[in-house]
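What follows is a set of notes on a single structure, which appears directly below.
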Amino acid sequence: MTRELTHFINGEHVAGTSGRFSDVFDPSTGMVQARVPLASTDEVSAAIAAAEVAQVSWGETNPQKRARVLQKFIELVARDNEELARLLSSEHGKTVDDAKGDIQRGIEVIEFSLGAPHLLKGEYSWNAGGGIDVYSMRQPLGVVTGITPFNFPAMIPLWKAGPALAAGNAFILKPSERDPSVPLRLAELFLEAGLPAGVFSVVNGDKQAVDALLTDDRIKAVGFVGSTPIAQYIYETAAIHGKRAQCFGGAKNHMIVMPDADLDQVADALIGAGYGSAGERCMAISVAVPVGAETADALSAKLAERVAELRVGPALADDVDYGPLVSAEAVARVNGYIQQAVDEGATLLADGRGIVVPGFENGFYLGPTLFDNVTTDMTIYKEEVFGPVLIIARADDYEQALAMASDHEFGNGVAIFTRDGDAARDFSARVNVGMVGVNVPIPVPIAYHTFGGWKKSGFGDLNQHGPDAFRFYTKTKTVTSRWPSGIKEGASFVIPTMH
Ligand code: NAD
């Protein structure tokens, strides 16, 4: 019988009551391994009610004590790291080592959030005028939510929850329905670490659960990560309902390869960043832009050689470079993009379609695919593919390469590989993209900086993690105070100034 997953509300696993479920697959075998309940509006409402009650005393708990709970959580995740990573791999399809990275990148933001006592400090101005002192404080918003994608089922929930909890909010996570088991385990570990029941909840579901969160007055902020059309929908709907929202969307990350770059280093970087996690990363490199025909010809030949060596297999195996895609639909979607690129005239150097992994014939596998001579009017250049497909789009010169990355509708990440400091500096300053790597293919900023794409890759202001996350999950109150001895007689009918 198929295992039935739950929600996690008010410190307990709670069975779904809506009667609606979604299958959770093992992408390596293609088999259904569990089913996850899809919450109704009433179930979401019950979770919000519990969170609202729990938030009051959590918000009043001093930030150092809140940080100690998070410290304990870090220890528990380390204790269960192997189990969590394998669970993550079994539902997502990424390798176990990569799953450990997914968890670790989330934990690094929890570590940053331990600094809450410092990060929540306000500002103080003594004697701003006639016996007046002014100070500000950061207060929690109340109940906030994170709506997260399938591709980082540990990292992104923790990017959202860590700062939100450390700042004194109650947090409701609506994880992806494709891989909900790790988020549920994280809820258990938060409880074990001493987080009061109701402060961190997991509500599983689809659009119905999301809409219930977006339209409920008791939810004060929405942190979203996922595809661009949904990011835009969430941003607009949250705003109409008076909530602050930060919504991060899809990507098409370019890597500019200058003629002076070390092409072996470049090939290593492109193979890892293009095909790691089957290309299902928002910071994957999906477009290589060699500058000049000589660079392009040499790079194309090197990549074709390297792609042929890649090992694709089940997520839990030790000797594979990447595992299956998350679903059969994902394989069909990427296959469609490959065919369209062929039809539109791109040169197919490696075709991953139809790959069979012995013993795992029904898994959702797709071999590494490589195209050359892709032009900017082709669909495969314009749209996010989110699969193990790397394209080479040649540029005649540096200015053209810079313009390609800058003009693309997505603006998440970009990289330049060069030995020329002037070129790298110029590129970093001028490129119209939110995160830049100089000889770094996946420039995901470290936890104490902030993460955020531009253009169609991000809606709303303030980035994820780093100091911005504390600004997003708190509201600033400013107090202007004067003690009775400083108050002069008489009413004044003009606006107070520092005249
Ligand atoms: P998705 O947009 O399908 O789903 C994201 C979340 O939205 C899930 O929780 C899902 O249940 C919910 N959702 C889906 N359809 C909805 C609808 N119609 N109404 C309301 N909610 C809905 O994204 P995904 O396939 O899970 O994740 C992959 C996408 O996420 C890619 O586009 C990738 O680039 C992007 N991503 C972006 C970043 C970033 O930081 N910019 C990071 C990781 C992933």
* **Tally, over the range 430-440, of residues that are farther than 29 Å from residue 118 by Cβ, of a type in the set (A, V, I, L, M) and surrounded by fewer than 18 Cβ atoms within 10 Å (Cβ to Cβ)** => 1
* Asked: Residues 278, 284: which one is surrounded by 24 or more Cβ atoms within 10 Å (Cβ to Cβ), at positive phi and not acidic (Asp, Glu)?
  -> 278
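Return yes when residue 191 is out of contact with any Ser or Thr (no Cβ under 9 Å at 6 or more places or on another chain) and surrounded by fewer than 23 Cβ atoms within 10 Å (Cβ to Cβ) and no when it is not. I'd like the intermediate steps shown before the answer.
Numbers: out of contact with any Ser or Thr (no Cβ under 9 Å at 6 or more places or on another chain): yes; surrounded by fewer than 23 Cβ atoms within 10 Å (Cβ to Cβ): yes.
Judged against the criteria, residue 191 is a match.
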* Structure fact -> When residue 471 is run through (1) part of a loop (DSSP other than H, G, I, E, B); (2) open to solvent by 90 Å² or more (accessible area, probe 1.4 Å); (3) closer than 17 Å to residue 246 by Cβ, the failure sits at (1)
* Answer residue from the range 119-161, given it is free of Cβ contacts under 8 Å to residues at least 60 places away in the same chain and more than 30 Å from residue 330 (Cα to Cα) and is least open to solvent (accessible area, probe 1.4 Å) among those -> 125
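Of everything in the range 287-325, what is in contact with a Ser or Thr (Cβ under 7 Å, 6 or more places away or on another chain), open to solvent by 10 Å² or more (accessible area, probe 1.4 Å) and of a type in the set (A, V, I, L, M, F, W, C)? Give them in sequence order. Show your work before the answer.
Of the residues in the range 287-325, the ones in contact with a Ser or Thr (Cβ under 7 Å, 6 or more places away or on another chain) are 314-316, 320, 322-324.
Filter again for open to solvent by 10 Å² or more (accessible area, probe 1.4 Å), leaving 314, 316, 320.
Passing the criteria: 316, 320.
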* What are the residues in the range 118-173 that are aliphatic (A, V, I, L, M), within 16 Å of the ligand (Cβ to nearest atom) and not in a helix (DSSP H, G or I), if any? -> 144, 147, 154, 172, 173
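Among the residues of the range 196-220, how many are in a loop (DSSP other than H, G, I, E, B), of a type outside the set (Gly, Ala, Ser) and either crowded, with 24+ Cβ neighbours inside 10 Å or without any contact (Cβ under 8 Å) to a residue 60 or more places away in the chain (or both)? Talk me through it step by step, then tell me what you get.
Going residue by residue through the range 196-220, those that are in a loop (DSSP other than H, G, I, E, B) are 196-199, 203-206, 216-218.
The next check asks that each one be of a type outside the set (Gly, Ala, Ser); those that pass are 196, 199, 203-204, 206, 216-218.
Now narrow it down to the ones that are either crowded, with 24+ Cβ neighbours inside 10 Å or without any contact (Cβ under 8 Å) to a residue 60 or more places away in the chain (or both): 199, 203-204, 217.
Within the range 196-220, residues that are in a loop (DSSP other than H, G, I, E, B), of a type outside the set (Gly, Ala, Ser) and either crowded, with 24+ Cβ neighbours inside 10 Å or without any contact (Cβ under 8 Å) to a residue 60 or more places away in the chain (or both) number 4.
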* Structure fact -> Residues in the range 37-65 that are outside any loop (DSSP other than H, G, I, E, B), in contact with a Pro (Cβ under 9 Å, 6 or more places away or on another chain) and not aliphatic (A, V, I, L, M) total 7
* Between residues in the range 1-19 that are at positive phi and residues that are among the small types (Gly, Ala, Ser) and part of a loop (DSSP other than H, G, I, E, B), which pairs lie under 6 Å by C-beta distance while being six or more apart or on different chains? -> 10/197; 10/198; 11/197
* Only strands (runs of 3 or more DSSP E) wholly contained in the range 225-326 count here; list those with 3 or more residues that are within 18 Å of residue 440 (Cβ to Cβ). => 253-257, 285-290
* From the list 28, 57, 22, which residue is surrounded by fewer than 20 Cβ atoms within 10 Å (Cβ to Cβ) and touching a Gly at 6+ places or on another chain (Cβ under 9 Å)? -> 22
* Asked: For the range 256-274, which residues satisfy the criterion of being closer than 21 Å to residue 312 by Cβ, away from the ligand (no atom under 16 Å from the Cβ) and not hydrophobic (A, V, I, L, M, F, W, C)?
  -> 268, 272
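When only residues in the range 441-455 that are within 13 Å of the ligand (Cβ to nearest atom) and among the aromatic types (Phe, Trp, Tyr) count, which is surrounded by the fewest Cβ atoms within 10 Å (Cβ to Cβ)? Before you say what the answer is, go through the steps one by one.
We begin by selecting, within the range 441-455, every residue within 13 Å of the ligand (Cβ to nearest atom); these are 442-445, 450-455.
So of that shortlist, the ones also among the aromatic types (Phe, Trp, Tyr) come out as 451, 454.
Numbers: 451: 28, 454: 15.
Among those residues, the one meeting the criterion is 454.
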* To do: Assess whether residue 186 counts as being surrounded by 24 or more Cβ atoms within 10 Å (Cβ to Cβ), in contact (Cβ under 8 Å) with a residue 12 or more places away in the chain and touching a Lys or Arg at 6+ places or on another chain (Cβ under 9 Å).
  => no
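Identify, please: which residue in the range 76-102 is hydroxyl-bearing (Ser, Thr, Tyr) and under 19 Å from the mean Cα position of the chain (by Cα) and is, among those, surrounded by the most Cβ atoms within 10 Å (Cβ to Cβ)? Reasoning before the result, please.
Just the residues of the range 76-102 that are hydroxyl-bearing (Ser, Thr, Tyr), to begin with: 89-90, 95.
Still in the list and also under 19 Å from the mean Cα position of the chain (by Cα): 89, 95.
Working: 89: 27, 95: 25.
This residue is 89.
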* Somewhere in the range 36-44, is a residue in contact (Cβ under 8 Å) with a residue 24 or more places away in the chain and within 30 Å of residue 274 (Cα to Cα)? -> no
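Taking the range 386-401 on its own, how many of its residues are open to solvent by 10 Å² or more (accessible area, probe 1.4 Å) and closer than 25 Å to residue 298 by Cβ? Working first, answer last.
Initial filter on the range 386-401 (open to solvent by 10 Å² or more (accessible area, probe 1.4 Å)): 386, 394, 396-400.
Retained after the next criterion (residues that are closer than 25 Å to residue 298 by Cβ): 394, 396-400.
Summing the residues that are open to solvent by 10 Å² or more (accessible area, probe 1.4 Å) and closer than 25 Å to residue 298 by Cβ in the range 386-401 gives 6.
The values are calculated or read from the model by the stated rules, or taken from the named source; none is laboratory data. Quick caveat, the model's predicted, so the values are computed rather than measured. Neighbour counts run over all protein chains shown; Cβ positions are idealised from the backbone, glycine included. Just the protein is used for accessible areas: all its heavy atoms, side chains included, with ligands, DNA and RNA removed. Shrake-Rupley method; radii C 1.70, N 1.55, O 1.52, S 1.80 Å.
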